[in-house]
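Report on the following structure.
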Amino acid sequence: MFTRRQFIYSSSVAAAGSALFRLPAGAQTPAQPPPPTVTKFEDLRRNVGIFSGRGGTIGWLATPDGAVAVDAQFPDTAKACVEGLQQKSPKGIQLLINTHYHGDHTGGNIAFRPVVKSIVQQERCAKLHKEFTTKNNTVENQAYADATFGESWSATHGDEKVWGYYYGPGHTGGDAVIVFEKANIVHMGDLMFNRLHPRIDRPGGASIKNWINILERVAKKHRDATFIFGHAKPGLAVTGPASELLHLRDYFTAAMDYTQKGIKAGQSQEQITGAETLPKFEDHASSGQILTLKGVLTSAYEELTSKTE
Ligand SMILES: [Zn+2]
């Protein structure tokens, strides 16, 4: 098991809840907190690795000169990540970078804030992070970026050079691709869902058309790299080669073609988005209410029929 994600956590809590209905009449409901999430550090190569807990996969670099984290999950698992990185790198954590604004990647920022010198985000990510957390009244639970970049950013830590690149809208309007140059490892954030129906955050500025471009460009540019994925279907890896990016590109291309054909044939949105499977991509799993084929096809339909895109 490589990772435990927020939605899996939620469904196990729901399952635990339904078990309560089987208690004999009059029995006391046990007031037990959910079990702590299992967390795990794994080495990839050249002082770069991944941390799995709850939420999007965290990438890290730990050199004798200090550590860097990419994404922050939620406060509880972020705390475990901070403690582990402090042990790996006695000079402490220099930097936290967020790939995008979603709560399962930025919620743990507050656990990093007291110990890092800087939190870096792409500028659109920073804007979305402020906007959505203001709207949701969670500002006091956030730690925002103190440094932002437009097209690209880089910093040297020990003998590693870390880069951030912005390729335009994809999973949200502000996704950064983070590259550990010497290790040849690329953190995709949620631009990569391994065999899961992806979330397409249209209110946050997502674009399937450009997401397809991003996957193609990044796979070409880093053809021999190891990639870190935001999420994966249970039992599958949260890391993999460039061919996995091209698989997701082909999935999106198939979803857009299927939707476009339905529109041309005069089918209703309900008919189009009601498809049970996407041919050739039946192995993609759903998770919860958000990561579903219907969600993907609805986004595709909206994007293809929007007058402004
Ligand atoms: Zn996300």
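FYI, it's all coordinate maths here, none of it is from the lab. Quick caveat: nothing in here was measured; it's all calculated off a predicted structure. We place every Cβ from the backbone using ideal geometry, glycine too, and count neighbours over all the protein chains shown.
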With the label point 7 Å along the Cα-to-beta-carbon line of Lys209 and a cut-off under 16 Å to each amide N, the hits in the range 270-309 are 299-309
Expressed in angstrom and ordered largest first, the alpha-carbon extents of the range 162-238 along the principal axes are 36, 30, 18
Kirkwood-based Rg/Rh on the Cα set of the range 30-162 evaluates to 0.98
Placing one equal point scatterer on each C-alpha of the chain and summing with Debye, one gets log10 I(q)/I(0) at q = 0.09, 0.10, 0.13 Å⁻¹ equal to -0.46, -0.56, -0.92
Note on the chain, DSSP bridge orientation, antiparallel percent to nearest 5 equals 65
Computed over the range 152-309, the Cα gyration tensor eigenvalues, each multiplied by 5 and square-rooted, give semi-axes in Å (largest first) of 30, 17, 12
Comparing Gln142, Gln271, Gln87 in a Gaussian network model of the chain (Cα, 10 Å), the one with the largest mean-square fluctuation is Gln271
Stretched fully, the stretch from Asp257 through Gln87 gains (0.36 nm per residue minus C-alpha distance, one decimal, in nm) 56.3 nm
Over 28 Å (Cα to Cα) among Lys127/Lys307; Lys40/Lys135; Lys40/Lys127 -> Lys40/Lys135; Lys40/Lys127
Candidate cut points under chymotrypsin sites (Phe, Trp or Tyr not before Pro) in the range 219-280, DSSP loop plus at most 14 other Cβ atoms within 10 Å of their own Cβ, are none
If each part is reduced to its alpha-carbon centroid, the range 142-198 and the range 108-126 end up apart, in Å, by 13
Each label sits 7 Å from Cα toward the beta-carbon; between Glu140 and Val115 the label points are separated, in nm, by 2.5
Sparse-neighbourhood loop hits (trypsin sites (Lys or Arg not before Pro), the range 107-173; DSSP loop; Cβ within 10 Å at most 13 others) -> Lys117
In the range 129-187, the GluC sites (Glu not before Pro) that sit in a DSSP loop and have at most 11 other Cβ atoms within 10 Å of their own Cβ are Glu151
Cα-based Rg and Dmax for the range 209-280, in Å, come out at 14.9, 43
Listing Cys125, Cys81 by rising number of other beta-carbon atoms within 10 angstrom, fewest first, gives Cys81, Cys125
Expected unfolding gain across Ile290-Ser154 under the 0.36 nm per residue rule, minus the alpha-carbon gap, is 45.6 nm
Excluding residues fewer than 8 positions from Lys221 in its own chain, the lysines with Cα under 21 Å of it are Lys161, Lys182, Lys209
Computed from every Cα-Cα pair in the range 119-161, P(r) in 10 Å bins starting at 0 and rounded to whole percents is 26, 42, 22, 9, 0
GNM of the chain, Cα pairs under 10 angstrom: of Leu293, Leu278, Leu61, the biggest fluctuation goes to Leu278
Binned at 5 Å starting from 0, the alpha-carbon pair-distance distribution of the range 126-207 in whole percents comes out as 3, 13, 18, 21, 20, 15, 7, 3, 0
